[in-house]
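Chemist: Sharing a structure here in structure tokens format.
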Amino acid sequence: MLAALIVIAAFAPLIATHDPYLQNLGDALARPSGAHVFGTDELGRDIFSRLVHGARITLTIIFLVTIVVGPIGLFVGTVAGYHGGWLDTILMRVTDIFLSFPSLILSLAFVAALGPSLNNAIIAIALTAWPPIARLARAETLTFRSADYIAAARLQGASSWRIIWRSIVPMCMPSLLIRLTLNMATVILTAAGLGFLGLGAQPPLPEWGAMIATGRRYMIDSWWLVTFPGLAILCVSLGFNLLGDGLRDALDPKQMNKR
Amino acid sequence: MTSTSPILQVENLSVRYPGSAVPAVRNLSFTVGRERLGIVGESGSGKSTVGRAILRLLHGAALTADRLQFEDVDLLAATERQMLSVRGRRITMILQDPKFSLNPIQRVGAQVAEAFRTHFACSKAEARAKSIAMLEAVQIRDADRVYDLYPHEVSGGMGQRVMIAMMLLTNPDLVIADEPTSALDVTVRLNVLTILDDLVRDKGIGLLIISHDLNLVRNFCDRVLIMYAGQVVEELAARDLDRATHPYTRGLIAAQPRIGGSRQPLAVLDRQDAWETDRGAQP
Amino acid sequence: MRRAVFGQATGIIVTLLGLLILTFVIGRIMPVDPVRAIVGEDAPREVYDRVFRQLGLDRPVWEQFLLYLRDVLRFDFGTSIRTGQPVLEDIKRVLPATIELATFAIIIGASLGIAMGVTAAVNKDRWPDHVIRIVSLMGHSMPIFWTGMIGLLIFYAALGWVGGSGRMSQFYIGMVPETTGFLLIDSAIAGEWDVFKSALRHLILPASLLGYSSAAYITRMTRSFMLDQLGQEYVTTARVKGLSSRQTVWRHAFANIRVQLVTIVALAYGSLLEGAVLIETVFAWPGFGQYLTSNLLIGDMNAVMTCVLVVGVIFIGLNILSDLLYRVFDPRTR
């Protein structure tokens with residue numbers, strides 16, 4: 001399912017049957033049919049094509065958030081866990097403060113402050129998504145810190161950066177990847193939620209959450225406007241959840257439940 | 001000393017856990033009368049599986065036997081409903097470590113009483129009185145107070161006596177003791193075992209002790225089965241242990257440290273593949 | 001013990017302080033000029049400057065923060081530009097609607113999640129486990145605002161089983177005096193059972209959907225806690241005593257995870273607030289979430305930051321509460 005998402009995003013122009021921005025007011029709010037598999041929206045744009053192009057936006061968001069959040073969380077967590085002491089206390093306090101909000105609310109606040117746009121939505125999501133990763137990386141680091149092979153590396157005179165980078169980071173990777181995968185599902189939902197509230201991608205971008213928001217006005221008569229983008233979000237998010245869940249079972253069934 | 005009317009008859013019992021190539025128990029046959037039978041083996045020899053198989057507590061594991069008869073009950077054919085009236089009432093089992101085998105958030109007395117109330121209709125007060133009497137029988141002083149303690153508040157030795165009280169309260173015919181003392185401090189082991197032994201003798205209960213401890217079995221059992229890799233390699237009277245013929249048994253005995261014995265390194269078991277080969281069904 | 005309480009208290013204070021710093025910083029980085037927002041686009045220079053000084057924007061940042069801190073300690077969160085009322089008053093007015101919704105939702109979510117989690121654990125790796133995994137992950141993967149719309153389409157528009165938007169039918173609005181703000185309680189006090197019924201009909205759909213979405217997390221945790229417990233020796237003891245598997249599961253294993261579940265449910269309640277923001281928009285539910293989002297869109301930062309602060313405080317409160325419950329319920333921590 002996820003591979004399909006990537007393929008769709010990569011070849012969007014080829015798969016899409018219509019131009020996602022092409023308006024055709026004479027053909028507005030058309031039911032799903034042979035010409036428009038998922039129907040058309042209030043401006044006569046082909047919903048299927050918009051969904052296909054929207055996959056690109058979704059993938060971009062996931063990708064950008066993940067490459068920002070992964071390293072930051074890993075860095076904060078391993079450094080705090082490895083050094084301990086006051087550095088640990090401070091970093092974890094900061095993490096706790098971020099964790100004391102539901103991520104969507106915090107993202108909302110950030111976007112509100114930065115102004116609504118796709119880029120700001122990505123920044124806001126990234127800002128709120130790193131703390132759980134940091135927590136996890138710290139917990140992992142703590143379990144390895146006292147291991148004998150770390151002591152051995154230290155005795156050989158390896159610097160702490162080197163130990164963190166060469167010995168601890170690789171050990172944290174499996175559980176971190178699982179968490180990131182599960183995180184992607186949340187990121188998709190948060191992004192869609194921001195889009196829905198009008199704080200994410202702005203029209204006419206075919207972002208799925210924003211599509212649902214505009215479709216809402218025509219919901220009672222034209223169910224296809226909201227149904228298909230929602231299904232797209234559901235499928236992708238479910239895909240990431242299933243993948244993460246499967247990875248967790250495969251790698252370690254127990255420890256991931258602790259945050 | 002084998003009793004004339006056996007309580008439990010086991011013929012060719014085999015247990016295989018799902019996903020495992022080798023059965024955990026193979027073609028095991030024995031009978032228990034009103035006596036004390038010991039099953040001895042190393043960890044992994046399948047001895048603990050035997051107790052759970054008799055109580056039919058192994059979910060998912062494949063259990064076969066020619067015969068698994070407990071008094072008038074065919075344990076192989078018994079429905080779950082029938083098993084519920086056997087477990088805890090007529091066959092009970094003492095587990096290894098009271099730290100884990102007692103429910104940590106229930107008062108120990110309530111746990112003992114529950115064993116009684118599951119099988120006998122009675123008031124709470126009656127069950128409490130019965131339980132306290134039983135706690136006193138296992139030599140717990142101040143049983144009234146101990147009744148209201150939580151498991152983390154009692155010592156290991158006391159916890160195991162609570163366990164014994166719980167499992168003897170319903171006057172069962174057969175008690176399986178699965179490593180009853182190996183989690184306890186050496187100093188209280190003997191004490192706990194003596195209490196168990198006295199009660200079992202007084203009430204004429206059949207006792208099946210599962211243990212890895214040869215000395216314990218020698219002192220508290222009438223007969224001994226030696227298990228290796230899921231099979232019985234030898235069966236003999238406890239007092240004849242020194243005259244064991246099977247090389248595995250002899251190896252086990254040789255590997256026992258002795259006070260005042262020679263200071264040579266202890267003998268190490270020299271395992272032979274032949275012991276593992278299937279001995280086939282025994283007639 | 002006293003030391004632990006003290007440590008926790010400092011922890012809470014530090015977190016609260018951090019919370020305030022965070023809201024302050026977010027408030028500062030916004031590109032909207034707060035003075036312009038008050039005085040309007042073409043106010044004369046003098047007016048602008050006066051308001052600028054009134055807001056304390058001419059002082060150094062740390063002094064501004066201290067002023068902010070002072071105001072917060074006095075429970076003065078400023079005035080909402082949109083409603084012209086003190087923000088705190090506004091929030092007091094809208095919060096009960098959200099709490100009613102979230103509480104109903106958590107009751108549904110917790111019952112569903114715990115039942116599914118226990119069933120899944122007892123039937124590990126058999127079909128009920130797999131079905132439950134899919135069902136709960138679905139709930140976790142659905143965008144709640146979309147589920148809300150689809151729910152309205154099916155259960156309100158097509159089937160007519162439940163009420164539509166709002167907390168009650170238009171007809172009843174204003175019929176019940178507001179005593180607690182909780183409509184179900186208010187209408188029950190007033191003896192207006194028609195209003196009560198209408199409120200329930202309006203509440204049931206958004207609460208169920210919210211509950212379903214939170215059930216995923218509760219299910220997963222319940223399952224893993226139960227698996228932990230079912231592997232314990234005392235479970236075998238209970239079986240040996242002759243208890244049926246149902247009695248063993250509920251009386252022994254489940255009893256042992258109750259404490260942990262309290263924590264989980266408290267956390268889930270917190271994240272429900274997140275879903276509430278979205279679903280309130282869909283259902284035109286006059287609650288906290290709607291208040292927050294409508295102020296967001298017009299850049300009323302006083303209101304927004306206070307909302308964020310309130311959510312943070314609720315979250316911290318829930319954490320403390322679950323911690324306390326843990327201490328009270330687990331005999332080992334007494």
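Chemist: Under a 10 Å cutoff between Cα atoms, tell me which one of A:100, A:175, A:49 has the largest fluctuation in the Gaussian network model of chain A.
Modeler: Result for chain A, Cα springs under 10 Å: A:100 fluctuates most.
Chemist: If I histogram all Cα-Cα distances within chain A using bins 5 Å wide from 0, what percent of pairs lands in each bin?
Modeler: P(r) over chain A, rounded to whole percents: 1, 6, 12, 15, 15, 13, 11, 8, 7, 5, 3, 2, 1, 1, 0, 0.
Chemist: Amide H neighbours of residue B:28 under 5 Å, at least 5 residues apart or on other chains, H built in the peptide plane: list them.
Modeler: Under 5 Å from the amide H of residue B:28: B:12, B:13, B:14.
Chemist: Same structure, new question: Sort A:237, C:214, B:101 so that the residue with the fewest other Cβ atoms within 10 Å of its own Cβ comes first and the one with the most comes last.
Modeler: If I rank by nearby Cβ atoms, fewest first, I get A:237, B:101, C:214.
Chemist: Then there's this: Once the cut-off is 39 Å, how many percent of the Cα-Cα pairs in the protein assembly as shown end up in the long-distance tail?
Modeler: Values: 210055 of 383250 pairs.
When every Cα pair of the protein assembly as shown is considered, 55 percent fall beyond 39 Å.
Chemist: Between C:138, C:116, C:305, where does the largest GNM mean-square fluctuation fall for chain C, given springs only between Cα atoms within less than 10 Å?
Modeler: For chain C, modelled as a Gaussian network with Cα springs under 10 Å, the answer is C:138.
Chemist: Quick check on chain A: helices-only [θ] at 222 nm, where DSSP H runs of length 4 and up contribute -39,500 (n - 2.57) each and the sum goes over total residues. Nearest 500, please.
Modeler: -23500 deg cm²/dmol
Chemist: Right, another one. Which percent of Cα pairs goes in each bin when the distances of segment C:96-333 are cut into 10 angstrom slices starting at zero?
Modeler: 7, 26, 31, 22, 11, 3, 0
Chemist: Short version: ³J(HN,Hα) in whole Hz for each residue of segment B:142-153, in order, from phi by Karplus 6.51 cos²θ - 1.76 cosθ + 1.60 (θ = phi - 60°), x for Gly and Pro, what are they?
Modeler: Working through the residues one at a time gives 6, 4, 4, 6, 4, 3, 9, 7, 8, x, 6, 9 Hz.
Chemist: Calculate, for residue B:80 and residue A:154, the FRET efficiency according to 1/(1 + (r/R0)^6) with r their C-beta to C-beta distance and R0 60 Å; round to the nearest 0.05. Can you show the working numbers first?
Modeler: Working: r = 57 Å, r/R0 = 0.96.
Once the sixth-power term is evaluated, E becomes 0.55.
Chemist: For a footprinting-style exposure proxy, rank A:47, C:173, A:72 by other Cβ within 10 Å, fewest first.
Modeler: Lowest count first: C:173, A:72, A:47.
Chemist: ³J(HN,Hα) across segment A:221-235 via Karplus (A = 6.51, B = -1.76, C = 1.60, θ = phi - 60°), whole Hz, x for Gly/Pro?
Modeler: Once rounded to whole Hz, the list reads 8, 10, 4, 5, 5, 9, 4, 5, x, x, 4, 4, 4, 4, 4.
Chemist: If you average the C-alpha positions of segment C:141-166 and of segment C:269-290 separately, how far apart do those two centres end up, in angstrom?
Modeler: Here the two parts' Cα centres lie 14 Å apart.
Chemist: Okay, helix-only estimate at 222 nm for chain C: each DSSP H run of n ≥ 4 adds -39500 (n - 2.57), divide by all residues, round to 500 deg cm²/dmol; what do you get? Present the calculation step by step, with values, prior to reporting the outcome.
Modeler: Working: 13 runs with 239 residues, N = 334.
The helix-only estimate for chain C comes to -24500 deg cm²/dmol at 222 nm.
Chemist: With a ≥ b ≥ c the root eigenvalues of the C-alpha gyration tensor of chain B, is it rounded (a/c under 1.5), prolate (a/b larger than b/c) or oblate?
Modeler: oblate
Chemist: From the backbone phi of segment C:155-165, what are the Karplus-calculated ³J(HN,Hα) couplings (6.51 cos²θ - 1.76 cosθ + 1.60, θ = phi - 60°) in whole Hz, Gly and Pro given as x?
Modeler: Working through the residues one at a time gives 7, 9, 5, 7, 9, x, 6, 10, x, x, 6 Hz.
Chemist: Check cross-link reach from residue B:99 to the aspartates and glutamates: straight Cα distance under 17 Å, and skip same-chain residues fewer than eight apart.
Modeler: Candidates past the 8-residue exclusion: B:148, B:153, B:178, B:179, B:185, C:228, C:233, C:330.
Chemist: Considering amide H positions built from the backbone, and no H for Pro or chain starts, which residues 5 or more places from residue B:177, or on another chain, come under 5 Å of its amide H?
Modeler: B:94, B:208, B:209, B:210
Chemist: DSSP beta bridges in chain B, what fraction antiparallel, as a percent rounded to 5? The partial results should precede the final answer.
Modeler: Values: 20 of 39 bridges.
Beta bridges within chain B, antiparallel portion: roughly 50 percent.
Chemist: Okay, next question. When B:154, B:146 are ordered from fewest to most other Cβ atoms inside 10 Å of their Cβ, what list results?
Modeler: Working: B:154 19, B:146 22.
Ranking B:154, B:146 by Cβ neighbours within 10 Å, fewest first, gives B:154, B:146.
Chemist: If R₀ is 25 angstrom, what is the calculated FRET efficiency for the pair residue B:273 and residue B:245, using the beta carbon separation as r and rounding to 0.05?
Modeler: Here the calculated transfer efficiency is 0.85.
Chemist: Under 5 Å between amide hydrogens, which residues at least 5 positions from residue B:233 or on another chain qualify, with H placed 1.01 Å from N in the peptide plane?
Modeler: Residues meeting the criterion, in which the H sits 1.01 Å from N, are B:226, B:227, B:228.
Chemist: How would segment B:48-126 be classified by its alpha-carbon gyration tensor: rounded, prolate or oblate, with rounded meaning a/c under 1.5 and the a/b versus b/c comparison settling the rest?
Modeler: Here segment B:48-126 falls in the oblate category.
Every number in this text was worked out from the coordinates using simple rules, so none of it is lab data. On a predicted model such as this, the values are computed, not experimentally measured, just so you know. Every residue, glycine as well, gets a Cβ built from its backbone with ideal geometry; the counts of neighbours run over all protein chains shown.
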